[in-house]
Protein chains: 2
Amino acid sequence: MAVDPKALVQRYLDTVASGTADDVAALYAEDATLEDPVGGGEVHIGRHAIAGFYKNTDGVEISTELLTIRVGGNEAAFLFAITVGGAMRIEPIEIMTFNHDGQIASMKAYWGPDDVTQL
Amino acid sequence: MAVDPKALVQRYLDTVASGTADDVAALYAEDATLEDPVGGGEVHIGRHAIAGFYKNTDGVEISTELLTIRVGGNEAAFLFAITVGGAMRIEPIEIMTFNHDGQIASMKAYWGPDDVTQL
């Protein structure tokens with residue numbers, strides 16, 4: 001199956017905005033890894049741990065906006081904005097790799113305090 | 001030694017613009033890896049191979065501009081513009097990891113035909 005990283009990233013951002021933590025986790029491979037933020041010292045391994053990570057914002061109003069994206073092979077690098085609870089806007093750069101089934105195999109989110117705006 | 005990825009990325013972009021291929025390669029660790037573009041099917045391994053990669057543009061007028069950067073730990077993700085020979089502007093997203101000596105341990109450049117503008 002041909003993988004379209006650009007479409008998969010958009011689906012991911014739409015699901016982060018409108019889905020539950022389990023909906024987002026379902027986009028990941030069973031053995032996927034997630035590091036957010038990079039350098040934070042914690043890597044979440046496996047879909048169950050990843051669902052736990054997204055549960056931090058379950059029930060919080062979230063919107064997302066893709067700002068720019070680059071793709072190569074089964075990978076994507078993209079800059080996007082995420083607004084959390086109408087109170088905080090963060091602009092991370094994320095790297096995602098996809099497996100041949102179009103599932104997210106790994107995600108790394110690069111951002112820090114300088115990339116957060118209080119609204 | 002504490003590593004400052006933001007300063008190291010700026011030094012890299014300055015050296016790409018004003019230095020030789022060997023100057024750029026000297027910023028990389030002896031056993032570094034370089035993939036540019038990601039998905040292109042070729043990974044350059046080691047400083048010698050990396051110098052060969054940058055020799056493609058030796059003698060060509062190059063300018064670079066950092067557009068935005070995110071850092072985490074010893075890693076950086078950044079969007080920048082590179083103008084080659086006054087004829088072509090490319091806007092890649094790159095990921096760099098640094099070792100504890102501040103050398104580039106790995107570089108991956110995400111871009112494709114859509115990210116190239118003929119000037």
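The values are calculated or read from the model by the stated rules, or taken from the named source; none is laboratory data. Note that the coordinates shown come from a computational prediction; the quantities given were computed from them, not determined experimentally. Positions of Cβ are generated from backbone atoms using ideal geometry, with glycine treated the same way; all protein chains shown enter the neighbour counts. Just so you know, the surface numbers come from the protein's heavy atoms only, side chains and all, with ligands and any DNA or RNA stripped out. Shrake-Rupley method; radii C 1.70, N 1.55, O 1.52, S 1.80 Å.
For segment B:5-17, a residue qualifies if it is open to solvent by 50 Å² or more (accessible area, probe 1.4 Å) and touching a residue at least 40 places away in the same chain (Cβ under 8 Å), and the qualifying residues are B:Lys6, B:Gln10, B:Asp14.
Results for (1) surrounded by fewer than 18 Cβ atoms within 10 Å (Cβ to Cβ); (2) without any contact (Cβ under 8 Å) to a residue 60 or more places away in the chain, shown as yes or no for each residue.
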{"site": "B:Ala49", "(1), (2)": "yes, yes"}
{"site": "B:Tyr54", "(1), (2)": "no, yes"}
{"site": "B:Glu65", "(1), (2)": "yes, yes"}
{"site": "B:Ile69", "(1), (2)": "no, no"}
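Taken together, the criteria exclude B:Leu79 from residues that are surrounded by fewer than 20 Cβ atoms within 10 Å (Cβ to Cβ), among the hydrophobic types (A, V, I, L, M, F, W, C) and assigned to a strand (DSSP E or B). Out of segment B:37-54, which residues are within 14 Å of chain A (Cβ to nearest Cβ) and among the charged types (D, E, K, R)? Answer for segment B:37-54, where residues must be within 14 Å of chain A (Cβ to nearest Cβ) and among the charged types (D, E, K, R): just B:Glu42.
Conditions tested, residue by residue: (1) outside any helix (DSSP H, G or I); (2) at pLDDT 95 or above.
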| position | (1), (2) |
| --- | --- |
| B:Met1 | yes, no |
| B:Val9 | no, yes |
| B:Leu13 | no, yes |
| B:Glu30 | yes, yes |
| B:Val38 | yes, yes |
| B:Ile50 | no, yes |
| B:Thr57 | yes, no |
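As a summary of the residue check, A:Arg89 satisfies the conditions (1) open to solvent by less than 20 Å² (accessible area, probe 1.4 Å); (2) free of Cβ contacts under 8 Å to residues at least 60 places away in the same chain; (3) closer than 22 Å to B:Ala76 by Cα; (4) more than 14 Å from chain B (Cβ to nearest Cβ) except for the one numbered (1). Checked against the criteria, A:Gly86 counts as more than 24 Å from B:Val43 (Cβ to Cβ) and in a loop (DSSP other than H, G, I, E, B). Under the condition of being more than 14 Å from every other protein chain (Cβ to nearest Cβ) and modelled with pLDDT of 95 or more, the residues counted in segment B:59-83 number 6. If only residues of segment A:92-118 that are within 11 Å of chain B (Cβ to nearest Cβ) and assigned to a strand (DSSP E or B) are counted, the one that is farthest from A:Leu34 (Cα to Cα) is A:Ile93. Applying the set (1) touching a residue at least 24 places away in the same chain (Cβ under 8 Å); (2) surrounded by 13 or more Cβ atoms within 10 Å (Cβ to Cβ) to A:Glu61 leaves exactly one unmet item: (2).
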